[in-house]
1. Just to check I understand the Karplus step: with θ = phi - 60° and J = 6.51 cos²θ - 1.76 cosθ + 1.60, what whole-Hz values come out for segment 271-285, glycine and proline as x?
2. Pairs Lys41/Lys116; Lys157/Lys238; Lys118/Lys157: which exceed 24 Å Cα-Cα?
3. When a footprinting reagent is the concern and you count Cβ atoms within 10 Å, what order do His79, His139, His277 take, fewest first?
4. Would you work out if segment 140-296 is rounded, prolate or oblate? Take a ≥ b ≥ c from the square roots of the eigenvalues of the alpha-carbon gyration tensor; rounded if a/c is under 1.5, else prolate when a/b is larger than b/c, oblate otherwise.
5. Expressed as a rounded percentage, what relative contact order does the chain have, with Cα pairs under 8 Å and six or more residues apart?
6. What FRET efficiency do you get for Ala211 and Lys238 if R0 is 35 Å and r is their Cβ-Cβ distance, rounded to the nearest 0.05?
7. Exposure proxy check: Leu111, Leu148 ranked by fewest other beta carbons within 10 Å?
8. Cut-off under 19 Å on the C-alpha distance; same-chain residues fewer than 8 positions from Lys141 excluded. Which aspartates and glutamates are left, in chain and number order?
Amino acid sequence: MRPRPFSILLVLAALLVTAPVASAATAVDAPTKVIKVGRQKVGYRSFGSGRPLVLIMGLGGTMDSWDPSFLGALAAGGHRIVLLDNEGVGRTTRLPGNLTIRRMGDTTAGLIAALKLKRPDVAGWSMGGMIAQSLAVRHPKSLRRLVLMATAPGDGKATAPSSDVLKTLTTSTDVNGLLGFLFPPDQTAALNAYVTNIVKRNPFDAVAPRAQFAKQVSASGAWLVGQDLDGKRVAGLKLQTLVGGGELDQLLPVPNQRHLADLIKGSQLVTYPDASHGFFIQHQDEFVPRLLTFLK
């Protein structure tokens, strides 16, 4: 006997209800992909949906160094999150010659073009903020809005890291020595929560190779003292910019963020008196809504 059409529809509906549904990727489980950008292969991850937000990691870090709870909150706010590893880190290959902030900015611009992101918003943390500035001045049509987190200017007027940080940078090639500077001494709970969150990714590797870390230190130093020509062009930026920092930051002290906010006309500045280099992690509940409002 031939089944009636509505019976077939009921069976199909039941199968759809009971069949397992694949969950959307998150910061913890989004796959790492590789794409060709010029002479380079660039490792990246993407998850979420909505207007793209490209996040650029700082000194010595990898994509795994981003707090997944922070990224998840941004994705939940209606953004496609795009992460990348900087040159010589993770799945991103090295190029011949000296590593510079400018070159890492060009790599990021190349990734944006290769993924056809169509003027995403761009956020950079620490050295990643330097890279984001270089990207913005060299490729202004590659992004819509700029977020600079705990970073510094490159016009030769930067405030140097504290003596403790400089000692760590000059006596060690291991980025782990900088972990203690992300949060103030009385914020051990925030530090522990950050470490607990980032190790949820499996496999987990949040540290750049030692040799590449040393090259990043050199590139960042050249930016801070004004040797990278892009740093002097930041004052001419005309795109909407949000600058954030922690007032207890020893890595890139808060005068740097205040100077950037003065330098970039019309930019917004937010600082947190009890926070350090990882201010946006410590004050995620306050900063994420501020950031999402800025990106509307």
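1. 10, 10, x, 9, 10, 10, 5, x, 3, 6, 7, 4, 10, 4, 4
2. Working: Lys41/Lys116 16 Å; Lys157/Lys238 20 Å; Lys118/Lys157 33 Å.
Violating the 24 Å Cα-Cα cut-off are Lys118/Lys157.
3. Neighbour counts put them in this order, fewest first: His139, His79, His277.
4. Oblate.
5. Relative contact order here is 20 percent.
6. After rounding to 0.05, the efficiency reads 0.40.
7. Numbers: Leu111 22, Leu148 31.
If I rank by nearby Cβ atoms, fewest first, I get Leu111, Leu148.
8. Straight-distance partners of Lys141: Asp106, Asp121, Asp230.
Values quoted throughout were computed directly from the atomic coordinates according to the rules given, and no laboratory measurement underlies them. Worth saying up front: this structure is predicted, and the values here are computed from it rather than measured. Cβ: placed from backbone, ideal geometry, glycine included. Neighbour counts: every protein chain shown.
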